[in-house]
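Structure, as structure tokens:
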Amino acid sequence: MTTTALKTEEITLNMGPQHPSTHGVIRFILKTDGEIVHECIPDVGYLHRAIEKISEKMEWQGFIPYTDRVDYLAAMNCNWAYSLAVERLAGIEVPRRAELIRIIVGELGRITSHLIGNGALSLDIGAATPFTHNIRDREMVNDLFERICGARLTFSFVRPGGVAYDTPPGWIEDVEEFCDYFEPRIEQFDQLITFNKIFTQRLAGVAAIDTETAIDYGLVGPNLRGSGFRFDLRRDEPYGLYPEFDFEVPVGQGQIGKLGDCWDRFWVRQLEMRESLKIVRQACKKIRGETSSHTAKVKKILKPPKGEVYVRSENPRGEMGLYLVSDGTANSVRTRIRTGSFSAMGIFPKVAKGLMVADLIAVIASLDIVAPEIDR
């Protein structure tokens, strides 16, 4: 009796650039044996807008609207990161009231970003209802943002020297009311999906990244903390008024599957929303009675002295670094932007090998990739 060995053929597949699960125009070149991924090569550049070169042709303040587009899910935080760099370069001192407003809108921006990130993760693996819950709560924050700056997605609100507008009457009280509303909604979301058996089985133990590997590959933010490394720029290299605030830095612990797996990255974001609420509440208390201005006096045409600066801040997707070079004129000589999504792209070839194609979709969502952060 003779037997014939089963022969399989390796197939090259394109996931993206037009694919709903790649979270933007990103292409992943997959080499698969059936449903098993043998190789995954990210191919970026489909959204390249030369935004760093645009900065070098714009006046310093004129580049603020472009920072909204670096990460359209966290525009407030991107405004803030760029403003920090310009302020350090130009020696601008920000009034205390402006710093408190920045913290409020920055942490609300972190909440909305994590709502979309975790909601999209559940949607990508087949759970549609949790995403609608998160969209509902994000819209409430967008209502607050619209009242303070007139926009709901790209804000151009945080600017060198402070913020564009002071808080309107009753706005702080409405922010506190949102915090009271939203805190039990996080618990509700956890009951709905976080510990759901199907959900945890899809994520637990998948694409586990240990602490050493996460550091070696340059992961940042929740992706790094999901692997158990407790590092947060707000605490470890604080900027603004963060040293005055009491909050925890959540890390993954492998409580459902393995340390640093897809579920841990998801769970860290859930915990971070709770910590952001704590920070917002503290800022709302501190801002009452604060009589300083919402902005410093900054020249309309800013000309920082010659020099260079690198500033990094803790954005929702992790470290956002701005490198700026000034020659003393009204625009940047050199601008470079480092983002969390770009940092995460390098680890895909390592973690994807041996996964099912369906699991790769969960990995992309768990790393919270946003295409504009990659293609600059």
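For the options THR339, THR291, THR213, a Gaussian network treatment of the chain with springs between C-alpha atoms closer than 10 Å singles out THR291 as fluctuating the most. Shape class for segment 253-322: oblate, because the ratio a/c of the largest to smallest gyration tensor axis (alpha-carbon atoms, square roots of eigenvalues) is 1.5 or more and b/c is at least a/b.
Sorting PHE342, PHE229, PHE178 on solvent-accessible area from highest to lowest, probe radius 1.4 Å, gives PHE342, PHE229, PHE178.
Kirkwood Rh over alpha-carbon pairs of segment 164-252, then Stokes-Einstein at 20 °C and 1.002 mPa s: what D in µm² s⁻¹, rounded to an integer? Intermediate results must be reported in sequence, preceding the final value.
Values: Rh = 16.5 Å.
Rounded, D is 130 µm²/s.
The residue list THR154, ILE369, PHE195 was ranked by how far each Cα lies along the charge dipole of segment 3-375 toward its positive end, using unit charges on Cβ atoms, and THR154 comes out on top.
Restricting segment 16-73 to GluC sites (Glu not before Pro) that sit in a DSSP loop and have at most 15 other Cβ atoms within 10 Å of their own Cβ leaves GLU35, GLU56.
From largest accessible area down, sort TYR82, TYR165; use a 1.4 Å probe on the protein chains. Walk me through the numbers on the way to the answer.
Numbers: TYR82 5, TYR165 115 Å².
The ordering from most to least exposed comes out as TYR165, TYR82.
The alpha carbons of the chain give a radius of gyration and a Dmax of 21.5, 92 Å, in that order.
Taking 0.890 mPa s as the viscosity and 25 °C as the temperature, the Stokes-Einstein diffusion coefficient of segment 277-376 based on its alpha-carbon Kirkwood radius rounds to 139 µm²/s. Calculated [222 nm] ellipticity per residue, helices only, for the chain: -13500 deg cm²/dmol; basis is -39500 (n - 2.57) per DSSP H run with n ≥ 4, divided by all residues, nearest 500.
Aspartates and glutamates near LYS306 by alpha-carbon distance under 20 Å, same-chain residues fewer than 8 away left out - which ones? Within the straight-line cut-off, LYS306 pairs with GLU52, GLU56, GLU59, GLU87, GLU93, ASP327. With a cut-off of 20 Å on the backbone N, the residues of segment 125-152 near the modelled label site 7 Å out from GLU35 along Cα-Cβ are 125-128.
Which order do ARG27, ARG338, ARG230, ARG88 take by accessible area at a 1.4 Å probe, largest first?
On the way: ARG27 60, ARG338 85, ARG230 115, ARG88 155 Å².
Largest accessible area first, the residues go ARG88, ARG230, ARG338, ARG27.
For the residues GLY150, GLY109, GLY254, a GNM of the chain with alpha-carbon springs under 10 Å puts the largest fluctuation on GLY150. Could you state the angle between the C-alpha long axis of helix 129-149 and the longest principal axis of the C-alpha atoms of the chain, as a value from 0 to 90 degrees rounded to the nearest 10? Once rounded, the angle reads 20 degrees.
For segment 244-287, the direction-averaged projected area of the alpha-carbon convex hull comes to 3.1 nm². Angle of helix 96-124 to the longest C-alpha principal axis of the chain, folded into 0 to 90 degrees and rounded to 10: 20°.
The values are calculated or read from the model by the stated rules, or taken from the named source; none is laboratory data. What you see is a predicted model, and the numbers here were worked out from it, not measured in a lab. With ideal geometry, Cβ positions are generated from the backbone for all residues, glycine too; neighbour counts draw on all protein chains shown. Quick note on the areas: whole protein, heavy atoms, side chains included, nothing else; ligands and nucleic acids left out. Shrake-Rupley method; radii C 1.70, N 1.55, O 1.52, S 1.80 Å.
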